[in-house]
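Here is the structure we will look at.
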Amino acid sequence: MNKIHFFILLFTFTSLFSIAQQKPEDSDKPNIIVIFTDDHGYADLGIQGQLSDIKTPHIDQMAKDGIKMTSGYITAPQCTPSRAGLMTGRYQQRFGLDENGTIPLPLEETIIPKRLKKAGYTTGMTGKWHLEPNHIEHIWIKEHMPELAGKKLKPSDIPFSKKLPYMPSEIGFDDCFQGEMIRYWVNYDLDGNDVEKQHIIDKRFRLDVQTDAALTFIDRNHDTPFFFYLSYYGPHVPLEATSYYLNRFPEDMPERRRYALAMFAAIDDGVGAIRQKLKNYGILDNTIIFFISDNGAPIKIEKKDLMPINYPKASWDGSLNDPYVGEKGMLSEGGIRVPFIVSWPKGLPKGMVYDNPVSSLDIAATSLALSGLEPKKELDGVNLIPYLSGIKKGKPHKALYWRFWSQSAIRMGDWKFLKAGSREFLFNVETDNHENVNLIADYPKQAKAMKKKLESWASDLYYPGIPDGEIGRSKKWYDHYFKE
C-alpha cells in the first residue's frame, strides 16, 4: 500500500469514527425513514441476485449507495407481532403480543416516534398500521368488550372509538395518512394542508397513494429533523396493480407472480421518487433509510396461480423466498429472513455487503442513538452504526431469538437451533445447505447448549417457556419442507 492510499484510508476511517461519535449539537441530526413492505420474500429485490424477472433499479441503487444485509431478520413471521417488535425495539413476546389475533400493541409500550419527539423530531407515517384492536383479538376483546367474547365477529363490531387510542395519530406520530386500501385516517392532505383528523376515501392504486403521502410529508417537514414510517401495503394480497406497472412484465408467466412484480415496481418507483425528493431539498446525504419486510412471502406450499381478478385474496402473493426454506408463518429462514438495506450517504460506507445477523429490533436503538438520546436498557436491539462503519468489531448480537405458535428458534453465529413442537433441528445457515440438512445428530452438544440459552430467554417472557408436543397449525409446512 502506497502512502496516498494509506492516508485516504486513514481519512475515511477518521471521518466515520467522528460521525459515529458526534452529538447532535456537533452536526445536524439525520432524518430517518423506515420503509416496511408486507409479505415481501427474500428473493424479490434485484440486488439480492436470486431472480431475473424482478425489476427494482431504484432500491438496488439505494443498496449500492448503502449497505445490503444478507442476514437481516424480523422478529416474527406474521405482521402484527413483527410490527410491534419494529415499533418498540423490544421482543414483542415481552408484552404478550406473540401472534395475530391476541391483543393490539399495549398502550404502555413506547414506540420509536414518541421517543424521537423528545429529541425534536417531527414524526409521520402512512400505510398499514395493524397494531390497533381488531375483531379477532380474543384476549383484548375478553378484557375490553366482554359482551362480545366468544362470538364470531366482523371488523365493524369493534367501534372506531375503541380503536382510536391505539391509532398512530394518538401515540406518537405528528402527521398521519394511515390506511391500507382506499380508506385513510388522516390529519394532513396530499396538497400539504393540515386537516382535522378524519377518514377520507382515495380510490387510486394504494401503493401510489402511500408514496404520495410520503412525498407530501417531506414537502411539509424537509427543514426539520424528521422520522417517517412508510408502511407499504404490498405485495400483500389482495393483489392489484395498474397497467402502468403491469405492462413492464410479460404475460407469459404465472399471473400472481406478474402482479407481485408490478407491485414491487410501484414500490421501487416510490423509493426512487422519495430519494429524488430528498436530493432536491439537499437532505439525501443526511437521511438514513431502512428498507425491510415484515416477514417472508406466503407460498402456501403449492404456489397456486389463481387469477388475481377472480381470486384477489388467494394466499400466495406472488413473492418468493429463494434460496431459503419455508414461508410466512414459519421460523425457518423463509419466514423470518428478509430483504434488509440501510443507506446513509453521510455516515455509512457505500456498496458494502454486511453478513452478520441484524434484526428489525435494531432500528429503534439506532434511531435513538442518531437522535442523540441516551440508550434505553429496555430495548432489545443495538445501535448498528458503529458496526456498519467499522468502529466496532465483532457481531452486533450474540444471539437472536424467536417464538411463534408452536415454534421457537435461536441463531448464534452461523448456527441456528429450531424447535417445532417436539421436533428439533440444528442448521448451519451460512452454508449452501442452510436448512436443507439437519445437523443435530452430528453436533448434539451444540444443539443442547443453544436450546438451553433459548429456554433461558423464554423464561422471562410475558408467557414463559418454549412450546413442545404437537406442531399444530404449522404441521403441514414442516411435513413438507423438513421431510425426515
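The values are calculated or read from the model by the stated rules, or taken from the named source; none is laboratory data. Remember, predicted model here, so these are calculated numbers, not experimental data. Here the Cβ positions follow ideal geometry from the backbone for every residue, glycine too, while neighbour counts run over all protein chains shown. Each accessible area value is taken on the protein alone, full model and side chains, heavy atoms only, with ligands, DNA and RNA left out. Shrake-Rupley method; radii C 1.70, N 1.55, O 1.52, S 1.80 Å.
Out of Leu320, Leu400, Leu388, I need the residue that is open to solvent by 10 Å² or more (accessible area, probe 1.4 Å) and either at pLDDT below 95 or under 20 Å from the mean Cα position of the chain (by Cα) (or both). Which one? Walk me through how you get there before you give the answer.
On the way: Leu400 fails: open to solvent by 10 Å² or more (accessible area, probe 1.4 Å); Leu388 fails: open to solvent by 10 Å² or more (accessible area, probe 1.4 Å).
None of the others qualify; the one that does is Leu320.
Please go through the range 164-181 and give me each residue that is surrounded by fewer than 17 Cβ atoms within 10 Å (Cβ to Cβ) and assigned to a helix (DSSP H, G or I), ordered by number. Even if it seems obvious, please write down each step before you answer.
As a first pass, look at the range 164-181 and keep what is surrounded by fewer than 17 Cβ atoms within 10 Å (Cβ to Cβ): 164-165, 170, 181.
If the condition is that a residue be surrounded by fewer than 17 Cβ atoms within 10 Å (Cβ to Cβ) and assigned to a helix (DSSP H, G or I), then Leu164, Pro165, Glu170 are the ones that fit.
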| field | Neighbours by Cβ (under 6 Å, 6+ apart or cross-chain): first from the range 467-482, in contact (Cβ under 8 Å) with a residue 12 or more places away in the chain; second of a type in the set (Gly, Ala, Ser) and open to solvent by 30 Å² or more (accessible area, probe 1.4 Å) | value | Asp468/Ser422; Gly469/Ser422
| Does any residue in the range 106-117 that is over 27 Å from Glu143 (Cα atoms) come within less than 9 Å, Cβ to Cβ, of a residue that is among the β-branched types (Val, Ile, Thr) and part of a loop (DSSP other than H, G, I, E, B) six or more places away or on a different chain, and which pairs are these? | Pro113/Ile171
| task | Look at Leu388 and say whether it is in contact with a Ser or Thr (Cβ under 6 Å, 6 or more places away or on another chain) and within 21 Å of Phe291 (Cα to Cα). | result | no
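So that you can scan it fast, the table gives a plain yes or no per residue for (1) part of a helix (DSSP H, G or I); (2) at pLDDT below 95:
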residue	(1), (2)
Ile8	yes, yes
Ser52	no, no
Lys55	no, no
Asp60	yes, no
| message | Given the condition touching a residue at least 24 places away in the same chain (Cβ under 8 Å), buried (at least 24 other Cβ atoms within 10 Å of the Cβ) and closer than 25 Å to Lys313 by Cβ, answer yes or no: does some residue in the range 84-95 qualify? | response | yes
| task | Consider Asp468 carefully, then state whether it is surrounded by 15 or more Cβ atoms within 10 Å (Cβ to Cβ), among the acidic types (Asp, Glu), modelled with pLDDT of 95 or more and not in a helix (DSSP H, G or I). | result | no
| said: Please go through the range 36-50 and give me each residue that is within 23 Å of Leu331 (Cα to Cα), open to solvent by 10 Å² or more (accessible area, probe 1.4 Å) and not in a loop (DSSP other than H, G, I, E, B), ordered by number. | reply: Gln48
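Only residues that are of a type in the set (Val, Ile, Thr) and either open to solvent by 50 Å² or more (accessible area, probe 1.4 Å) or part of a loop (DSSP other than H, G, I, E, B) (or both): list them for the range 201-222, please.
Quick first cut of the range 201-222, residues of a type in the set (Val, Ile, Thr) only: 201, 209, 211, 216, 218.
Of everything in the range 201-222, just one residue is of a type in the set (Val, Ile, Thr) and either open to solvent by 50 Å² or more (accessible area, probe 1.4 Å) or part of a loop (DSSP other than H, G, I, E, B) (or both), namely Ile201.
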| Can you tell me which residue in the range 301-317 is farthest from Ser82 (Cα to Cα), limited to those that are basic (Lys, Arg) and either exposed (fewer than 14 other Cβ atoms within 10 Å of the Cβ) or in contact (Cβ under 8 Å) with a residue 60 or more places away in the chain (or both)? | Lys304
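Taking the range 440-459 as the search range and keeping residues that are assigned to a loop (DSSP other than H, G, I, E, B) and either modelled with pLDDT under 95 or of a type in the set (Ser, Thr, Tyr) (or both), which one is most open to solvent (accessible area, probe 1.4 Å)?
Here is the first cut: in the range 440-459, the residues assigned to a loop (DSSP other than H, G, I, E, B) are 440-443, 459.
Imposing the further condition that a residue be either modelled with pLDDT under 95 or of a type in the set (Ser, Thr, Tyr) (or both) reduces the set to 443, 459.
Values: Tyr443: 105, Ser459: 65 Å².
Among them, the one singled out is Tyr443.
Let's see how each residue does on (1) over 22 Å from Arg94 (Cα atoms); (2) open to solvent by less than 40 Å² (accessible area, probe 1.4 Å); (3) hydrophobic (A, V, I, L, M, F, W, C):
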| position | (1), (2), (3) |
| --- | --- |
| Ser371 | yes, yes, no |
| Leu379 | no, yes, yes |
| Ala409 | no, yes, yes |
| Ala420 | no, yes, yes |
| Asn433 | yes, no, no |
| request: Answer yes or no as to whether Lys350 is modelled with pLDDT of 95 or more, part of a loop (DSSP other than H, G, I, E, B) and among the basic types (Lys, Arg). | output: yes
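Taking only the range 129-163 into account, find how many residues are over 17 Å from Glu99 (Cα atoms) and open to solvent by less than 60 Å² (accessible area, probe 1.4 Å). Walk me through how you get there before you give the answer.
Filtering the range 129-163 for residues over 17 Å from Glu99 (Cα atoms) gives 143-163.
Narrowing the set further to residues that are open to solvent by less than 60 Å² (accessible area, probe 1.4 Å) leaves 145, 148-149, 153, 157-159, 163.
Selection size over the range 129-163: 8.
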| task | Starting from residues that are open to solvent by 10 Å² or more (accessible area, probe 1.4 Å) and either in contact with a strand residue (DSSP E or B) (Cβ under 6 Å, 6 or more places away or on another chain) or of a type in the set (Lys, Arg) (or both), keep the ones in the range 226-256 and report whichever is nearest to Leu368 (Cα to Cα). | result | Tyr233
| message | Contact list please: Cβ distance under 6 Å, first residue in the range 425-440 and over 9 Å from Trp415 (Cβ atoms), second residue of a type in the set (Ser, Thr, Tyr), pairs at least six apart or on different chains. | response | Glu435/Ser332
